Amino acid sequence: MIMQLISNYLSHLEIERGLSPNTIAAYKNDLFLFFEYFNKIYNIEDIKRSHLSEYIKYLTNNNYTPTSITRKIASIKNFFRYLCAAKEIKSNPTLDILTPKISKKLPKVVSMDEMEKLFKEKMDTRGLAVFELLYATGLRVSELVELEIKNIDFKNNTVKTIGKGSKERIIPLGTNAKNALKNYFKERDVDLKLSGSMNKAPEKAFLNNFGEKITRQWVYTFIKDLGSIIHKSISPHTIRHTFATHLLENGADLRVVQELLGHANIVTTQLYTHISKKHLKDVYFAING
């Protein structure tokens, strides 16, 4: 009974809400972990508020981080909210459940000077195109590896991508990123022919040396190696944070940045204003002591 309800919910997430396979898999894992813990309960109506409190204690005692606990409890809350809406249960036992407070850490960003240093580093055409595009558009790494050539419009200088929740957004493409992409595309097919590899993913913008689309892991490793040049541990998401922060520091409207990042809620985007304020304070006290 419970497994069938979970299956129905996951189908709802995929078909009606259009969530990505990775997000659905995360929901599935969170729900399975919860119901494995209460494996003696067979009827969904038997889950009470006390079970949620017990489960939070269990996660805390087993060294799950506050962030991880919050996400797991959110998954369970969303599931029970769905069950109430579908009239599978009469009352929601997860209402008013308190989860650990998460201290908000400001995202790590790369300064303008550090970015200039990185762009001076010698890269091949693919690496430069990837780096330029990440910084110019704020794409998520998943959006980057899935980017298709047809969605890069050199005439209108835009990039179209499908983000979280299957939401489409169109992002302006700067001159540097545009030129880097054009140079990469010129060399890409030539390099594949010279290596004797077939183009196995002709629709994808970025390919590896075997003609397949690049992987998230390749992008992570590439960006991490670049970070060693400026002695920072950075990731593709760091470049996304940097893109947003530099826009705000240069006068961009918060709503515009929200649209470019594909944030559903502007509260998420507002985090970057704190970074910008911190930057202003650092500059002020560096000058004024």
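The values are calculated or read from the model by the stated rules, or taken from the named source; none is laboratory data. Since the structure is predicted, the reported quantities are computational estimates derived from the model, not experimental observations. No Cβ is skipped: glycine too gets one built from the backbone with ideal geometry, and neighbour counts run over all protein chains shown. SASA here: full protein model, heavy atoms, side chains in, ligands and nucleic acids out. Shrake-Rupley method; radii C 1.70, N 1.55, O 1.52, S 1.80 Å.
Brief remarks follow.
- Two-site label geometry, R49 and R81: point separation in nm, points 7 Å out along Cα→Cβ: 1.8
- Seen through its C-alpha gyration tensor, with square-root eigenvalues sorted a ≥ b ≥ c, segment 196-236 comes out prolate because a/c lies at 1.5 or above while a/b is bigger than b/c.
- List M115, M198, M3, ordered by accessible area with a 1.4 Å probe, largest first: M198, M3, M115
- Heavy-atom accessible area per residue - segment 115-258, 1.4 Å, Å²: 53
- Only helices reaching 27 angstrom along their own axis (Cα) with mean Kyte-Doolittle hydropathy no lower than -1.0 count here, and for the DSSP H runs of the chain these are 66-85, 266-288.
- Cα gyration tensor, segment 1-70 - rounded (a/c under 1.5), prolate or oblate: oblate
- Rg and Dmax [Cα atoms of the chain; Å; Rg one decimal, Dmax integer]: 22.7, 67
- Projection of the Cα convex hull of segment 146-195, averaged over all directions and equal to a quarter of that hull's surface, yields 4.2 nm².
- Kirkwood hydrodynamic radius (C-alpha pairs) into Stokes-Einstein, segment 125-231, 25 °C and 0.890 mPa s, D in µm²/s: 172
- Using alpha carbons only: equivalent-ellipsoid semi-axes of segment 1-123, gyration tensor based, whole Å: 36, 19, 13
- Within the accessible area of segment 52-179 (1.4 Å probe), percent carbon and sulfur: 51
- From its DSSP helices (H runs of at least four residues, each -39,500 (n - 2.57)), the chain gives a residue-normalised ellipticity at 222 nm of -19000 deg cm²/dmol.
- In the complete set of protein chains, residue-level accessible area for I56 is approximately 20 Å², probe 1.4 angstrom.
- Semi-axes of the equivalent ellipsoid for segment 223-264, Cα gyration tensor, largest first, Å: 24, 12, 5
- When each of the peptides 236-245, 122-131 is scored by how many other beta carbons lie within 10 Å of its residues on average, the order from highest to lowest is 236-245, 122-131.
- Under-5 Å amide H pairs with K213, H placed in peptide plane, nonlocal only: N208
- For A74 and I229, the FRET efficiency from 1/(1 + (r/R0)^6), where r spans their Cβ atoms and R0 equals 45 Å, is about 0.75.
- Gain on full stretching of the segment that runs from D189 to E116 - 0.36 nm per residue minus C-alpha separation: 23.4 nm
- For S91 and S11, the difference between the fully extended length at 0.36 nm per residue and the C-alpha to C-alpha distance is 26.6 nm.
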